[in-house]
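The values are calculated or read from the model by the stated rules, or taken from the named source; none is laboratory data. Everything numeric here is computed off the predicted structure, so don't read it as measured data. Cβ placement follows ideal geometry from the backbone for every residue including glycine, while neighbour counts extend to all protein chains displayed. Side chains included, ligands, DNA and RNA excluded: accessible areas come from the protein's heavy atoms. Shrake-Rupley method; radii C 1.70, N 1.55, O 1.52, S 1.80 Å.
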Amino acid sequence: RGFITQSGDKVKDDSGKDLLEWFALKYYAEILVLDAADEGEYEFSSISDDGHIFEAQINGVWTRILDEDGLHAPRWGCSNKTIKLVKDKPLPIRVYYYQGPASHIANMFHWRKVSAAIPPGTDPSCGKEASTAFNLTTSVPNKAYKDFVARGWEVVPAEMFYLPGTAVNPCVE
């Protein structure tokens, strides 16, 4: 269906057609937890079609945390490292997303707090195809996605993202 701008128009390609395929996005932000209850060690996951790379600046060095690059059907990717998030300490991040052919479009970014009950990197969805996560016609979550969420995963909330400097996050009212 395409992407909607803040003004309600669809994003267009250079020829004026709705932008649906063969593009890349690169975005920067900071993840900031404001409540001590949200502090802790986190792992990250994506559902992407096609490529999704997530990097975080740790101790001043850009570090690749999740790498699901390339042309592929929707699939779950999981982080190869955990990140400790501390209240009021912004974590600079950058995400690269690549969309090839528009048979599917997916770019969902998830996290979950690491717990002793579920060791990081052990989620059974990691590396598996995710085309069964949602009804492809209605975008309603299916059992596979509901099970994923039941294991503690959630979409990283918009209010945890801040744009560097004085920019305003348009996704948070």
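Evaluate the stretch 86-173: find the radius of gyration of its Cα atoms, find its Kirkwood radius, and give the ratio Rg to Rh.
Numbers: Rg = 15.6 Å, Rh = 15.8 Å.
Using Cα coordinates only, the ratio equals 0.99.
So for the pair residue 28, residue 147, with labels modelled 7 Å out along Cα→Cβ, what separation do we get in nm?
4.1
Residue 58 versus residue 158, label points 7 Å from Cα toward the beta carbon: distance in nm?
3.0
What accessible area, in Å² to the nearest ten, does a 1.4 Å probe give for residue 64?
So the heavy atoms of residue 64 present about 100 Å² to solvent.
Within the stretch 62-102, find all residues whose amide N lies under 20 Å from a label point positioned 7 Å from the Cα of residue 37 along Cα-to-beta-carbon.
So the set is 85-89.
Taking only DSSP H segments of four or more residues, each worth -39500 (n - 2.57), what value at 222 nm results for the chain once the sum is divided by all its residues, to the nearest 500 deg cm²/dmol?
Values: 1 runs with 8 residues, N = 173.
Per the formula, -1000 deg cm²/dmol.
From largest accessible area down, sort 96, 162, 28; use a 1.4 Å probe on the protein chains.
Largest accessible area first, the residues go 28, 162, 96.
For the stretch 14-105, what is the largest minus smallest coordinate of the Cα atoms on each principal axis, given in angstrom and ordered from greatest to least?
46, 26, 25
What FRET efficiency comes out for the pair residue 87/residue 17, r = Cβ-Cβ distance, R0 = 35 Å, nearest 0.05?
On the way: r = 45 Å, r/R0 = 1.29.
So, using R0 = 35 Å, E works out to roughly 0.20.
Heavy atoms of the protein only, probe of 1.4 Å, neighbouring chains included. What is the accessible area of residue 147 in Å², nearest 10?
Only protein atoms counted, so the area is about 60 Å².
For the chain, with all protein chains present and a 1.4 Å probe, just round the carbon and sulfur fraction of the accessible area to a whole percent.
On the way: 5370 of 9800 Å².
Summing carbon and sulfur atoms, their accessible area is 55 percent of the total for the chain.
Could you tell me which of 86, 98, 161 has its Cα farthest along the dipole of the stretch 71-173 towards the positive end, charges placed at Cβ (Lys, Arg +1; Asp, Glu -1), taken about the Cα centre?
In the stretch 71-173, that residue is 86.
In square angstrom, what is the accessible area per residue of the chain with a 1.4 angstrom probe? Each step should come with its number before you reach the end.
On the way: 9800 Å² over 173 residues.
I get 57 Å² per residue for the chain.
Which one of 54, 109, 23 has the biggest mean-square fluctuation once the chain is modelled by GNM with Cα springs under 10 Å?
23
Can you sort 113, 146 by 1.4 Å-probe accessible area, starting with the largest?
Details: 113 85, 146 120 Å².
Reading off the accessible areas and sorting them downward yields 146, 113.
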